[in-house]
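What follows is a single structure, written as structure tokens, with notes after it.
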Amino acid sequence: MIGTKKLAAIKKELREKLRKDKKRVQQWVDRKQARLSAGDSENRRVLEELMWIRKLLREIVEEDETRPKRSRKTKPQKEPAAGT
Amino acid sequence: MAKAPPPPLSSVERRKRLRRIRRIARKLGFHGTIEYRHTWSETGGAQFALGPTPADDILVVFAEAFERDSDPDDFSLEAIIAHERGHQLLRRESKLSRMVTTKIGTVSEEILASLIGSLIAEKEEDREVLYYKALFDMVTRGMDLAQAVRLVDDLRSLLEKIL
């Protein structure tokens, strides 16, 4: 489910957040963080989970990179036909 | 007050919608059953349901997906379906499914589905909005901007390497 929040609303909030005016960005962050009550463990859990996912994905990528790649079997070359 | 049902649709238009959904979904690699339901869903426009086998997976697209698609300030049908295909890849791609099946929650799964959607969507604009959607879901969870951007970029690039 992509959620019901309209793209325009998402962009608006992000634009506000990404605005170069650092002070305003900081205020936005502060407001958002202030809204997270001390008891909002669900949000913290999500963030921890995402960091855990990143770690896991890194491990998967590293595994793939270190795993020796199977070399393709090369077909034995045919003997040139007699007389050629 | 409940939203009034979507305006009636002729059977020709209904088939046309279904054809368009199927074309997009197949192009994105979706396998399983694809349906169109002419009702509001409150899901955002589409829903993926995992079946016992990949062939039994179901993608249901609802009327609001078309309503949103017609609004230039909202997600396109392609972006909505790419997000749902993201869910299917999370569940069906062996390297990813092992972490999704039991260990991660709904919010994280939604973020990852958007990021996968941002990798597989055909149009650059859809890729971008799905990336923003993932970023938005993170910052509204209280993550600071720099941290969220770093994390979303890391996750996206790792998923790109895996897929």
Cβ-Cβ below 6 Å, separation at least six or inter-chain, first residue in region B:100-124 and hydrophobic (A, V, I, L, M, F, W, C), second open to solvent by 90 Å² or more (accessible area, probe 1.4 Å): which pairs? B:Leu119/B:Glu160
I'd like to know if region A:2-21 contains one or more residues that are modelled with pLDDT under 70, more than 12 Å from every other protein chain (Cβ to nearest Cβ) and under 20 Å from B:Val149 (Cα atoms). yes
Considering region B:140-163 alone, what residues qualify as being farther than 21 Å from B:Leu89 by Cβ and surrounded by 22 or more Cβ atoms within 10 Å (Cβ to Cβ)? B:Met143, B:Ala148
Among the residues of region B:112-125, write down those that are at the interface with chain A (Cβ under 10 Å from one of its Cβ atoms) and open to solvent by 30 Å² or more (accessible area, probe 1.4 Å). none
Which one of these is farther than 30 Å from B:Lys161 by Cβ, in contact with a strand residue (DSSP E or B) (Cβ under 8 Å, 6 or more places away or on another chain) and without any contact (Cβ under 8 Å) to a residue 60 or more places away in the chain: B:Ser41, B:Ser70? B:Ser41
Sole miss for A:Trp52 among (1) buried (at least 16 other Cβ atoms within 10 Å of the Cβ); (2) at pLDDT 80 or above; (3) more than 19 Å from B:Tyr132 (Cβ to Cβ) is condition (1)
From B:Ser70, B:Ser76, B:Ser41, grab the single residue that is modelled with pLDDT of 95 or more and at the interface with chain A (Cβ under 10 Å from one of its Cβ atoms). B:Ser76
What are the residue pairs meeting all of these: first residue in region A:40-67, first residue at the interface with chain B (Cβ under 8 Å from one of its Cβ atoms), second residue open to solvent by 90 Å² or more (accessible area, probe 1.4 Å) and modelled with pLDDT of 85 or more, Cβ atoms under 7 Å, and 6 or more apart or on different chains? A:Val61/B:Lys161
Which of the strands (runs of 3 or more DSSP E) found entirely inside region B:12-111 contain at least 2 residues meeting this: of a type outside the set (A, V, I, L, M, F, W, C) and surrounded by fewer than 18 Cβ atoms within 10 Å (Cβ to Cβ)? B:33-37
Number of the condition not met by B:Gly142 [criteria: (1) assigned to a helix (DSSP H, G or I); (2) more than 21 Å from B:Arg98 (Cβ to Cβ); (3) at the interface with chain A (Cβ under 9 Å from one of its Cβ atoms)]: (1)
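The values are calculated or read from the model by the stated rules, or taken from the named source; none is laboratory data. Because the structure is a prediction, the values reported are computed rather than measured. We place every Cβ from the backbone using ideal geometry, glycine too, and count neighbours over all the protein chains shown. Protein only, heavy atoms only, side chains kept; ligands, DNA and RNA dropped before computing areas. Shrake-Rupley method; radii C 1.70, N 1.55, O 1.52, S 1.80 Å.
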